[in-house]
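Let me begin by presenting the structure, written as structure tokens, before commenting on it.
Values quoted throughout were computed directly from the atomic coordinates according to the rules given, and no laboratory measurement underlies them. This one's a predicted model, so the numbers in the text were calculated from it and none came from an experiment. Here Cβ is always computed from backbone atoms with ideal geometry, including for glycine, and neighbour counts include all displayed protein chains.
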4 protein chains.
Amino acid sequence: MSADTVRLGPNKYGKAEVRLVRITRDTPRHEIEDLTITSQLRGDVSGSFLSGDNSRIVATDTQKNTVFAFAGRHGVGSPERFLGLLADHFTESFEWIDGGLWQAEQHEWARILSGGPGEDHSFVRSGQATRLAAVQVVAGERHVFGGVKDLTVLKSTGSEFWGYPATEFTTLPETNDRVMATSVTGRWRYLPEAVARGIDYNGLFDDVRRLLLERFADVHSLALQQTLYEMGRAVIEARPEIAEVRFAMPNKHHFVYDIARFGIENEGEVFIADDRPYGLIEGSVIRAGVADADDAWRELPSFV
Amino acid sequence: MSADTVRLGPNKYGKAEVRLVRITRDTPRHEIEDLTITSQLRGDVSGSFLSGDNSRIVATDTQKNTVFAFAGRHGVGSPERFLGLLADHFTESFEWIDGGLWQAEQHEWARILSGGPGEDHSFVRSGQATRLAAVQVVAGERHVFGGVKDLTVLKSTGSEFWGYPATEFTTLPETNDRVMATSVTGRWRYLPEAVARGIDYNGLFDDVRRLLLERFADVHSLALQQTLYEMGRAVIEARPEIAEVRFAMPNKHHFVYDIARFGIENEGEVFIADDRPYGLIEGSVIRAGVADADDAWRELPSFV
Amino acid sequence: MSADTVRLGPNKYGKAEVRLVRITRDTPRHEIEDLTITSQLRGDVSGSFLSGDNSRIVATDTQKNTVFAFAGRHGVGSPERFLGLLADHFTESFEWIDGGLWQAEQHEWARILSGGPGEDHSFVRSGQATRLAAVQVVAGERHVFGGVKDLTVLKSTGSEFWGYPATEFTTLPETNDRVMATSVTGRWRYLPEAVARGIDYNGLFDDVRRLLLERFADVHSLALQQTLYEMGRAVIEARPEIAEVRFAMPNKHHFVYDIARFGIENEGEVFIADDRPYGLIEGSVIRAGVADADDAWRELPSFV
Amino acid sequence: MSADTVRLGPNKYGKAEVRLVRITRDTPRHEIEDLTITSQLRGDVSGSFLSGDNSRIVATDTQKNTVFAFAGRHGVGSPERFLGLLADHFTESFEWIDGGLWQAEQHEWARILSGGPGEDHSFVRSGQATRLAAVQVVAGERHVFGGVKDLTVLKSTGSEFWGYPATEFTTLPETNDRVMATSVTGRWRYLPEAVARGIDYNGLFDDVRRLLLERFADVHSLALQQTLYEMGRAVIEARPEIAEVRFAMPNKHHFVYDIARFGIENEGEVFIADDRPYGLIEGSVIRAGVADADDAWRELPSFV
């Protein structure tokens, strides 16, 4: 008998990658918000798992409809706000839904400055990075996250790497001048009290991205770890709304290509960009005095 | 001052996606093992983050070299065994390394049965699924995982979905005969005592995959949740080595295409397979009497 | 004025990547056909380009509907047959449509042999390769193609590479024993007279795939070019229906990893599989006496 | 016997996707050029196919080395120029190499304007589009191409689609206000006489991209075909160096989501972005008086 041998453990379910595009056309100068949204619910829906009793299953199709209905009724505004509206709705509308995880990616568009009649309603994907957001409700607490991914940066100098242990399997030569490149994935958790007071999420995102780029550029790097830490520190020191930030930074290797064997000098000018394997540095920077919040990060892709 | 405002939080680092191919050619009939391996270390390496002091950074390049050196010296055998060797090596060789996460994907090859001279050393990628493994060392404990991903299955009947709440935003019609398809990602955690006794990991993998396929086929499904649970139950009941299994199962929607408007009957014969959005069902099944093991799953992509 | 400065050149249009799944359920033992279909039309539709006059534009949405309607009305049978039905329909139904290109990928499923009640209607994606087909109508002629892609194969010995010119930029060492791996993309053109007589396309596909695998395995290779040629030759010699075959074969490099520097022997046992760059060998084998047929291959991805 | 039954048809071979990064550091303000390059040679190398005689095979590894050696010796300058140098080298250095196809993608980086010490050598991937270039040498003629891909654009109004035939399978409603989005892939062929005179390829690329964006924005569209034609016309009228331009434009469908059934108005504000299937419009615009140049486009991905 199943009851004797196994039990149902953690679970959640919902609709993933809902591709929502919201146009605001109150004036001839349109605005566009382009998001990929995932909604997942938690609560006691064990009947569905144990016996196929779906009386507590808010269908994933219904969750999808809700995303579009809410985009029409409330607008988006910011991904953090919009996910919060979804979280409110599902946890308040169904007594057995006591939590969930709502995630968004927001895709960037820039206005095409044509000078002509299409300028007000024409856009080009800028693609410099994708904005992330998440709302997690667990054990009666709400946790709100911002983030960024695919922010790809490179320094052609100002990066060193030396002083690491020489082990039996160490062959990497030390260097005091290398190309350093990474594609930043970062998630920051907002302080609950700041969320309660209200945050200009869009302004904050622009500010954080600017800070990340500036710190990446200006830190003279002895290790990608050091750069990561300084980027996190800058964000936390500048934005009191942020409790902590987690980063995953692949070290996108650029190897000096050996053309000296052909009699051609190569003083840090000709590189081969390698795909795999790659270094992968993951770390978090936490505001002093802020306690760990493991629940907040539960099943959220923190490091990837 | 940084010391006052921020602190370093959880972190790990290493080399990701090392593409190792190991040929065993002790006899003319070669064997092939093809893996993508990620090695990441944890321990007090805060100097690297705080000041670029790399004296405790076992370089990611060194970790890569170690993978290949160990493949030569010890062979692979099974991904679980091989990751365990790496975990032993790094935690025993460096006093400040007290944990880490080692992951593998194993890619399947079948022998080409040509009947000719090439048969002994020629292979074709079978691609039915990718095998997963992981070893996590945290707080002095070792946790070993097996798994599978991209096991894509479909039932053309024997699946119903009805009885869910009719809410304000519900439009999905109920059905007692639908196509159900998913791409199974599953990870199972081995019982530490079974690991200590020794496990035939390769035989177990074949057995688990067979069980997953058979249960998917034979359960008359009232919900993907129910199918998931029954697949997990079958695995745990059959294999005493397994403590728990976690699944992520996208509901790969196949919608009946409306050709009745063209006067053409469609009794469950013509479908459009949709990409996005998709349902996403995640759940775990745990052996009765086994305690939760949150540490074991830390930062391991359990549900994705 | 535009009329003076530019003219409209070659063009076609249609619906791409229609995801059709066709279940045959005439008996309890179901059959599944899973295809991705692209339909594109050619003809004088210049009004649409020059002035937005769509009176000759069979909407891409209509082309999509036609795919599903025909799957219901006629079944699939084989991708070659099904694309032929679409080609007939569009060129016969609209006097200004005088040609087009119809392409299909067919995804493989194997039956799950569960021994239980689900066996008759449960499938697993086998994923060893994807079958290709195309029908091109141009200048009143119809050309029919079969094909395969992502047939990934590897030999762990039986491959040499030496005797190439030593140029100013040559550093590759010669070898008489290397790992050779490729992912075969091949397209074959059927002889029009064989098409007219009727071809068992499904049986032929199985036969060609078997031949490709066997020849890859059994040819002792001095160059991937040689292997390619022998694979093409085998196909043409075995199947009188085929006029010519074109292949694109990436040389998926497996480099011996240098672990001798760690005192570990590596006699062709430990390799790193590299992603990029890769060799890319493209070639065609043509039946003696068959004339070139450039029109047939027009805009068809022959080498990719 | 093979000699009787088959012959070798068209072929070429080389190294694909060489990831070259070239830093120019003549001054503290570095410049970066980031390219993915494919080099393929044509000529009589039939010995390699027929018997594995590699005496005429300039190894693909050698072709890769040449890319890096030339980047060191000559710099890049523009992808068109750099590919031209490679074409010269290979066709002049080996008497049996009488042609080939050289292709490049150039990835865009913007300077990070940090205001700090890193500004001169720090970059962020802008990702708005990827620049393309190709040089084809065939039958003693050289053909030079520029291009762009992944230039993703969207209009939230100013697009209509109506007047198409109502056929048996037509269900699409006509519209005089829809969202139109596409991801432009375009390739333009330079006039040989303009190439001979010398072209500012980088300035031209910026100019063409600006023109494409402006025309996309400003044309009031009755069909994507019309927009394509007007974009091509603008380019040819503005840049006398260009003989013709070929476009592939997927119609990235944005469907109005039906939320009226929930009592929520949706006047072109809430859309679902769909992945597949998609419309696919391909067309070319040719300068008046320019003859067709089929050889130039041979095996070049023109429409894809």
Charge dipole (segment A:8-138, unit charges on Cβ, about Cα centre) - positive-most of A:Asn54, A:Phe90, A:Val21: A:Val21
Please name which of D:Pro192, D:Phe271, D:Ile236 has its Cα lying farthest along the dipole of segment D:139-304 towards the positive end, using unit charges on Cβ (Lys, Arg +1; Asp, Glu -1) and the Cα centre as origin. D:Pro192
Loop only by DSSP, 11 or fewer other Cβ within 10 Å of the Cβ. Give me the GluC sites (Glu not before Pro) in segment D:32-116 that pass, ordered by residue number. D:Glu95
Cα point-scatterer Debye curve for chain A, base-10 log of I(q)/I(0) at q = 0.10 Å⁻¹: -0.70
Grab the other residues whose beta carbon is less than 9 angstrom from that of B:Val135, score K and R as +1, D and E as -1, and report the net. 0
Would you mind giving the mean number of other chain beta-carbons within 10 Å of the Cβ of each residue in B:68-81, as a whole number? 4
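What number, rounded to the nearest 500 deg cm²/dmol, is the helix-based mean residue ellipticity at 222 nm of the protein assembly as shown, given -39500 (n - 2.57) per DSSP H run of at least four residues and division by all its residues?
-8000 deg cm²/dmol
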Where the label is 7 Å out from Cα toward Cβ, how close does C:Thr5 come to the same position in every other copy, in nm, shortest first? 5.6, 5.8, 7.7
Along Cα→Cβ at 7 Å, what distances in nm separate the D:Ser55 label point from those on the other copies, shortest first? 6.3, 6.7, 8.6
Below 16 Å, Cα to Cα, which lysines can A:Lys12 reach? Residues fewer than 8 away in the same chain don't count. A:Lys64
For chain B, modelled as a GNM with alpha-carbon contacts under 10 angstrom, which of B:Asp53, B:Asp292, B:Asp26 fluctuates the most? B:Asp26
Could you work out which residue, out of C:Ser159, C:Ser46, C:Ser284, moves most in a Gaussian network model of chain C, that is, has the largest mean-square fluctuation with Cα springs under 10 Å? C:Ser46
Would you order A:Glu193, C:Glu119 from fewest to most other beta-carbon atoms within 10 Å of each residue's own beta-carbon? A:Glu193, C:Glu119
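Which shape class, rounded, prolate or oblate, goes with segment D:75-182 when its Cα gyration tensor gives a ≥ b ≥ c as root eigenvalues, a/c under 1.5 marks rounded, and past that a/b bigger than b/c marks prolate?
oblate
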Tell me whether segment B:147-304 comes out rounded, prolate or oblate; compute the Cα gyration tensor, take square roots of the eigenvalues as a ≥ b ≥ c, and use a/c under 1.5 as the rounded threshold. prolate
Be a star and scan segment C:124-148 for residues whose amide nitrogen sits under 11 Å from the point 7 Å along the Cα-to-Cβ vector of B:Ala110. C:126-129
Cut-off 11 Å between beta-carbons: net charge of the residues surrounding A:Leu228, Lys and Arg +1, Asp and Glu -1: +1
At 7 Å out from Cα toward Cβ: C:Leu172 inter-copy label distances (nm, ascending): 2.9, 4.7, 5.3
Run through every distinct alpha carbon pair of the protein assembly as shown and return the Kirkwood hydrodynamic radius in angstroms, one decimal place. 32.0
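Report, as an integer, the average count of C-beta atoms from other chains found within 10 Å of each Cβ along D:42-55.
6
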Just tell me how shielded B:247-259 is by partners: mean number of partner chain Cβ atoms within 10 Å of each residue's Cβ, no decimals. 3
Considering only the other residues whose Cβ falls under 11 Å of the Cβ of D:Asn65, what net charge follows from Lys and Arg at +1 and Asp and Glu at -1? 0
Pull out a ≥ b ≥ c, the square roots of the eigenvalues of the alpha-carbon gyration tensor of segment A:8-138, then state rounded if a/c is under 1.5, prolate if not and a/b is larger than b/c, and oblate in the remaining case. prolate
Relative contact order %, chain C, counting alpha carbon pairs below 8 Å whose residues are six or more apart: 12
Consider the operator that turns chain B into chain D: which B residue has a Cβ nearest its axis, and what is that gap in Å? B:Asp275, 2
3J(HN,Hα) from dihedral phi, segment D:163-173, Karplus parametrisation 6.51/-1.76/1.60, rounded to Hz, x for glycine, proline: x, 7, x, 8, 9, 3, 10, 8, 10, 5, x
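With charges only on Cβ, +1 for K and R and -1 for D and E, what is the dipole size of segment C:1-138 about its Cα centre, in debye, rounded to 20?
Here the size comes out at about 220 debye.
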Of C:Gly43, C:Gly75, C:Gly115, which has the largest mean-square fluctuation in a 10 Å C-alpha GNM of chain C? C:Gly115
Relative contact order (%) - criterion: Cα under 8 Å, at least six apart; region: segment D:10-138: 27
Order of A:Thr36, B:Thr62 under a 10 Å beta carbon neighbour criterion, fewest first: A:Thr36, B:Thr62
